[in-house]
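Enquirer: Structure below; questions to follow.
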Amino acid sequence: MLKLIASSRIHRLHPTVLRPAHDSASPLLRVLSSLGGLSHRNTNVGGRYFFCSDSGDGSDQVVDAGVKAAEESQSKASAIVPTYPRPEDYLTVLALPLIHRPLFPGFYMPIFVKDPKLLAALQESRERQAPYAGAFLLKDEPEADPSVVSGSDTDKNVYDLKGKDLFNRLHEVGTLAQISSIHGDQVILIGHRRLRITEMVSEDPLTVKVDHLKDKTYNKDDDIIKATSFEVISTLRDVLKTSSLWRDHVQTYTKHIGDFTYPRLADFGAAISGANKLQCQQVLEELDVYKRLKLTLELVKKEMEISKIQESIAKAIEEKISGEQRRYLLNEQLKAIKKELGLETDDKTALTGKFRERIEPKREKCPPHILQVIDEELAKLQLLEASSSEFSVTRNYLDWLTALPWGEYSDENFDVTRAQKILDEDHYGLTDVKERILEFIAVGKLRGTSQGKIICLSGPPGVGKTSIGRSIARALNRKFFRFSVGGLADVAEIKGHRRTYIGAMPGKMVQCLKNVGTANPLVLIDEIDKLGRGHAGDPASALLELLDPEQNANFLDHYLDVPIDLSKVLFVCTANVVEMIPNPLLDRMEVVAIAGYITDEKMHIARDYLEKTTREACGIKSEQVEVTDAALLSLIENYCREAGVRNLQKHIEKIYRKLSVTRNVLLV
């Protein structure tokens, strides 16, 4: 049974046996002895033993005041200073503010005294063989939440309270506390009996008059009081069974047994509970023993619920951790078994095998210097630890290096007639552009192979410069890749980053080759006349190497750091104003000017392309509407006189949207 009471929660209750002061009242532990059937060996019958209740001010020190009787006369810091006056004779005491928890009779509490005058007064009282003071809990500020733990800033503000301000903040009921010892600014208090403040005597240090409070008379044989007290003890026993924090100090408590009373049991339960300070103060102020036991029972019941929640949380976490550990061990065993059977290799071996399988089909077409770099990096990968940062860098580098289409080309179309048909299907007019593409195909057919070219399409907005690039790729049977350089101000977007940088990536051209999977795509560089320039370099200068037929056969990306052959790539650039392109870059390109469309061309484009696609997009059938040539001509001449057809497309879409609304209204 004593093991029930003999446990304490860490940072809540530090049990310390103090020197027995020969008195008749040490009420708590005698009944625990009788209820628990524990022996009384090594105990002083009739002596008083005190226990500490942590003040919560951050001090977790335990003052060991248990010394041998032979050393009592020699120790100035003994736990209880022998006093001749009785405690009830002290009607005027120094007021000590308690910040976090009240002090209960029979327990000790270490507090810090920051006021030099108050500390000197306490020291003087102790030297005068009158080591008693009043310990009173501070009231919370009006807007403060008692359930919220105060911070250090709030504590500093409390220490600054003086005189009447401090007096008004104190609870009326407190505890007469014996000054056990003083170490620097730390004072060890031992609670004796309850007090009530009547008036203030002096302000600095704060001294008050007090009345000594006694418990209301009660019948110790009352069945209700007995039942309540046994329920408190039973609940404490249940808490001991579930809470490992309380069981840590069981053995310490079982060694020190004294007297027992019902009031002391109530104080004990409240003192060791985790309730907030106002609930503990309520127990301290209650003089009716039965009501006090009921309040304590509520607190320990809450403690029981908290212990159950703690146990369920700990169980859930333990199950989760044990499940993860079990899964990890099984996976490791499975890997070891598969490795022994030759069914699976470790991560590094698997990675190396993946990269070798990826490069093996390209080995005959891959340049020798590329194969040499790949083999060196694979050997390096085997020597690196998987947890090192260099391992990740090497793995990513090999991933890019082996994913590029070394020597892989798409089969080109050298049929001029077929190419002419595809170009005419997608675009009306643009004779100069179509003729240049057909010339490119014809030369490639005669030579048996095609070479990369750099063509720049210049013209006003809306004439089809960007859209014709995709048609050219379809006519040539090449993969298509487009990226815009409008506003581009970073050279690394084209040339890539060095591998030494975190998050480094190759440039756009390397990304293009990986995406399309061939070494001879058609690359459309859009808005080349709008290149930017910033602190990261001049992209126009970086494009000189990319768009020079004599240099791009050995294009060097900063990330890969190996030459890449771009001589088979067909570059098509678009620009609105050729004059905005730097002269060295413009000199490397073959400019094909696209003038604006005339009215007749716009009529054909509107009738054969724009009107048809817009009608399908709006969900209107051809027999439901008829757009006459006169209407289109009026629209072109009066509303769409710009060089391109983008505005004409917007007006046609507007007409069909209006028709859709009208048709829906008629159907309703």
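Enquirer: Somewhere in the stretch 572-582, is a residue acidic (D, E) and in the same structural domain as G462 (by TED's automatic domain parsing)? Write out each step before concluding.
Expert: Taking the stretch 572-582 first, the residues acidic (D, E) are 579.
Going one step further and asking which of them are in the same structural domain as G462 (by TED's automatic domain parsing), we end up with 579.
Yes - at least one qualifying residue is present in the stretch 572-582.
Enquirer: Is it fair to say A473 is in contact (Cβ under 8 Å) with a residue 24 or more places away in the chain and more than 36 Å from the chain's Cα centre (by Cα)?
Expert: So A473 passes the test.
Enquirer: Given the structure, is R657 outside the structural domain of T431 (by TED's automatic domain parsing), among the charged types (D, E, K, R) and part of a helix (DSSP H, G or I)? Please lay out each step first, then the result.
Expert: On the way: outside the structural domain of T431 (by TED's automatic domain parsing): yes; among the charged types (D, E, K, R): yes; part of a helix (DSSP H, G or I): yes.
Yes.
Enquirer: A further question follows. Looking for whichever is closer than 30 Å to A275 by Cβ, of a type in the set (D, E) and modelled with pLDDT of 85 or more here; the options are E298, E303, E364. Which one fits? Outline the logic, then answer.
Expert: Details: E303 fails: modelled with pLDDT of 85 or more; E364 fails: closer than 30 Å to A275 by Cβ.
Only one candidate passes the filter, namely E298.
Enquirer: Here is a further query. Is it the case, given these coordinates, that L287 is in contact (Cβ under 8 Å) with a residue 12 or more places away in the chain and outside any helix (DSSP H, G or I)? Don't jump to the end; show me each part of the working.
Expert: Values: in contact (Cβ under 8 Å) with a residue 12 or more places away in the chain: yes; outside any helix (DSSP H, G or I): yes.
It is true that L287 is in contact (Cβ under 8 Å) with a residue 12 or more places away in the chain and outside any helix (DSSP H, G or I).
Enquirer: Can you confirm whether the stretch 325-341 contains a residue that is surrounded by 14 or more Cβ atoms within 10 Å (Cβ to Cβ), over 17 Å from W400 (Cα atoms), outside the structural domain of A275 (by TED's automatic domain parsing) and free of Cβ contacts under 8 Å to residues at least 40 places away in the same chain?
Expert: Here is the first cut: in the stretch 325-341, the ones surrounded by 14 or more Cβ atoms within 10 Å (Cβ to Cβ) are 335.
Next, from what is left, pick out any that are over 17 Å from W400 (Cα atoms): 335.
The next check asks that each one be outside the structural domain of A275 (by TED's automatic domain parsing); those that pass are 335.
With the extra rule that they be free of Cβ contacts under 8 Å to residues at least 40 places away in the same chain, the set shrinks to 335.
Within the stretch 325-341, one or more residues are surrounded by 14 or more Cβ atoms within 10 Å (Cβ to Cβ), over 17 Å from W400 (Cα atoms), outside the structural domain of A275 (by TED's automatic domain parsing) and free of Cβ contacts under 8 Å to residues at least 40 places away in the same chain.
Enquirer: Of V645, V591, V577, V569, which residue is closer than 27 Å to A542 by Cβ and in contact with a Gly (Cβ under 9 Å, 6 or more places away or on another chain)? Outline the logic, then answer.
Expert: Details: V645 fails: closer than 27 Å to A542 by Cβ; V591 fails: in contact with a Gly (Cβ under 9 Å, 6 or more places away or on another chain); V577 fails: in contact with a Gly (Cβ under 9 Å, 6 or more places away or on another chain).
Just a single option satisfies the conditions, and that option is V569.
Enquirer: Still on this structure, please answer the following. Answer yes or no as to whether L299 is assigned to a helix (DSSP H, G or I), hydrophobic (A, V, I, L, M, F, W, C), under 17 Å from V232 (Cα atoms) and not assigned by TED's automatic domain parsing to the domain that holds T235. Steps first, please.
Expert: Details: assigned to a helix (DSSP H, G or I): yes; hydrophobic (A, V, I, L, M, F, W, C): yes; under 17 Å from V232 (Cα atoms): yes; not assigned by TED's automatic domain parsing to the domain that holds T235: yes.
Yes: the conditions hold for L299.
Here's the yes/no breakdown for (1) in contact (Cβ under 8 Å) with a residue 60 or more places away in the chain; (2) among the aromatic types (F, W, Y); (3) in contact with a Cys (Cβ under 9 Å, 6 or more places away or on another chain):
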{"site": "L381", "(1), (2), (3)": "no, no, no"}
{"site": "R395", "(1), (2), (3)": "no, no, no"}
{"site": "T402", "(1), (2), (3)": "no, no, no"}
{"site": "Y428", "(1), (2), (3)": "yes, yes, no"}
{"site": "S450", "(1), (2), (3)": "yes, no, no"}
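Enquirer: Scan the stretch 428-436 and tell me whether some residue there is in a helix (DSSP H, G or I) and closer than 23 Å to N552 by Cβ. I'd like the intermediate steps shown before the answer.
Expert: Residues of the stretch 428-436 that are in a helix (DSSP H, G or I), as a first pass: 431-436.
Add one more test, that the residue is closer than 23 Å to N552 by Cβ, and what stays is 433, 436.
Yes, the conditions are met somewhere in the stretch 428-436.
Enquirer: Evaluate the following for T449: is it under 30 Å from P368 (Cα atoms), assigned by TED's automatic domain parsing to the domain that holds T574 and surrounded by fewer than 16 Cβ atoms within 10 Å (Cβ to Cβ)? Before the answer, list the steps.
Expert: Details: under 30 Å from P368 (Cα atoms): yes; assigned by TED's automatic domain parsing to the domain that holds T574: yes; surrounded by fewer than 16 Cβ atoms within 10 Å (Cβ to Cβ): yes.
Criteria met by T449.
Enquirer: Test L457 against the criterion of being touching a residue at least 60 places away in the same chain (Cβ under 8 Å) and in a helix (DSSP H, G or I), and give yes or no. Give the derivation first.
Expert: Working: touching a residue at least 60 places away in the same chain (Cβ under 8 Å): yes; in a helix (DSSP H, G or I): no.
Here the answer is no, as L457 does not meet what is asked.
Enquirer: A follow-up question, please. Looking at the stretch 520-577 only, could you name the residues that are within 22 Å of S450 (Cβ to Cβ) and assigned to a loop (DSSP other than H, G, I, E, B)?
Expert: Hits for the stretch 520-577 are N520, P521, L547, D548, P549, E550, Q551, D565, L566, S567, K568, V569.
Enquirer: Can I ask one more? Against the conditions (1) surrounded by fewer than 22 Cβ atoms within 10 Å (Cβ to Cβ); (2) in contact (Cβ under 8 Å) with a residue 24 or more places away in the chain, where does G503 fall short? Just the number, please.
Expert: (2)
Enquirer: Here's something else I'd like to know. Being buried (at least 18 other Cβ atoms within 10 Å of the Cβ) and either within 49 Å of the chain's Cα centre (by Cα) or of a type in the set (A, V, I, L, M) (or both) narrows it down to one residue among L585, L556, L544; which is it? Give the steps one after another, and end with the answer.
Expert: Numbers: L556 fails: buried (at least 18 other Cβ atoms within 10 Å of the Cβ); L544 fails: buried (at least 18 other Cβ atoms within 10 Å of the Cβ).
After applying the criteria, what remains is L585.
Enquirer: Also, quick follow-up: Could you look through the stretch 132-177, keep only residues that are of a type in the set (S, T, N, Q), at pLDDT below 90 and not in a loop (DSSP other than H, G, I, E, B), and pick out the one that is farthest from L91 (Cα to Cα)? Explain how you work it out, then say what you get.
Expert: Residues of the stretch 132-177 of a type in the set (S, T, N, Q): 147, 150, 152, 154, 157, 168, 175.
Pick out the ones that are also at pLDDT below 90 and you get 147, 150, 152, 154, 157, 168.
Still in the list and also not in a loop (DSSP other than H, G, I, E, B): 152, 154, 157, 168.
Details: S152: 33, T154: 31, N157: 29, N168: 19 Å.
It comes out as S152.
Enquirer: Within the stretch 198-209, track down each residue that is crowded, with 18+ Cβ neighbours inside 10 Å and closer than 10 Å to L91 by Cα.
Expert: V208 - this is the single residue of the stretch 198-209 that is crowded, with 18+ Cβ neighbours inside 10 Å and closer than 10 Å to L91 by Cα.
Enquirer: In the stretch 389-413, which residues are among the polar types (S, T, N, Q) and at pLDDT 85 or above?
Expert: Residues of the stretch 389-413 among the polar types (S, T, N, Q): 389, 392, 394, 396, 402, 410, 413.
Across the stretch 389-413, the qualifying residues are S389, S392, T394, N396, T402, S410.
Enquirer: Within the bounds of the stretch 184-194, is there any residue that is out of contact with any Leu (no Cβ under 7 Å at 6 or more places or on another chain) and surrounded by fewer than 15 Cβ atoms within 10 Å (Cβ to Cβ)?
Expert: The answer is yes, given that some residue of the stretch 184-194 is out of contact with any Leu (no Cβ under 7 Å at 6 or more places or on another chain) and surrounded by fewer than 15 Cβ atoms within 10 Å (Cβ to Cβ).
Enquirer: Given the condition out of contact with any Pro (no Cβ under 8 Å at 6 or more places or on another chain), basic (K, R) and in a loop (DSSP other than H, G, I, E, B), answer yes or no: does some residue in the stretch 479-497 qualify?
Expert: Scanning the stretch 479-497, I find no residue that is out of contact with any Pro (no Cβ under 8 Å at 6 or more places or on another chain), basic (K, R) and in a loop (DSSP other than H, G, I, E, B), so the answer is no.
Enquirer: Related question: Read through the list (1) among the hydrophobic types (A, V, I, L, M, F, W, C); (2) assigned to a helix (DSSP H, G or I); (3) modelled with pLDDT under 90, then give the number of the only condition that V510 fails.
Expert: Checking V510 against (1) among the hydrophobic types (A, V, I, L, M, F, W, C); (2) assigned to a helix (DSSP H, G or I); (3) modelled with pLDDT under 90, the one that fails is (3).
Enquirer: Hey, among the residues in the stretch 627-651 that are outside any helix (DSSP H, G or I) and among the β-branched types (V, I, T), which one's nearest to the chain's Cα centre (by Cα)? Reasoning before the result, please.
Expert: Taking the stretch 627-651 as the starting set, the residues that turn out to be outside any helix (DSSP H, G or I) are 627-628, 640-645.
Now drop any that are not among the β-branched types (V, I, T), which leaves 627-628, 645.
Details: V627: 61, T628: 64, V645: 52 Å.
My answer is V645.
Enquirer: Kindly indicate which of L610, L648, L633 is outside the structural domain of R436 (by TED's automatic domain parsing), farther than 22 Å from S467 by Cα, touching a helix residue (DSSP H, G or I) at 6+ places or on another chain (Cβ under 7 Å) and surrounded by 13 or more Cβ atoms within 10 Å (Cβ to Cβ).
Expert: Details: L610 fails: farther than 22 Å from S467 by Cα; L648 fails: farther than 22 Å from S467 by Cα.
Unique residue meeting the criteria: L633.
Quick grid of which residues meet (1) at pLDDT below 85; (2) within 26 Å of D424 (Cβ to Cβ); (3) within 56 Å of the chain's Cα centre (by Cα):
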{"position": "D600", "(1), (2), (3)": "yes, yes, no"}
{"position": "R607", "(1), (2), (3)": "yes, yes, no"}
{"position": "L610", "(1), (2), (3)": "yes, yes, yes"}
{"position": "V625", "(1), (2), (3)": "yes, no, no"}
{"position": "R657", "(1), (2), (3)": "no, no, yes"}
{"position": "V665", "(1), (2), (3)": "yes, no, yes"}
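The values are calculated or read from the model by the stated rules, or taken from the named source; none is laboratory data. Nothing here was measured: the structure is a model prediction, and the numbers come from that model. Cβ sites come from the backbone with ideal geometry, for glycine too, and all protein chains shown count toward neighbours.
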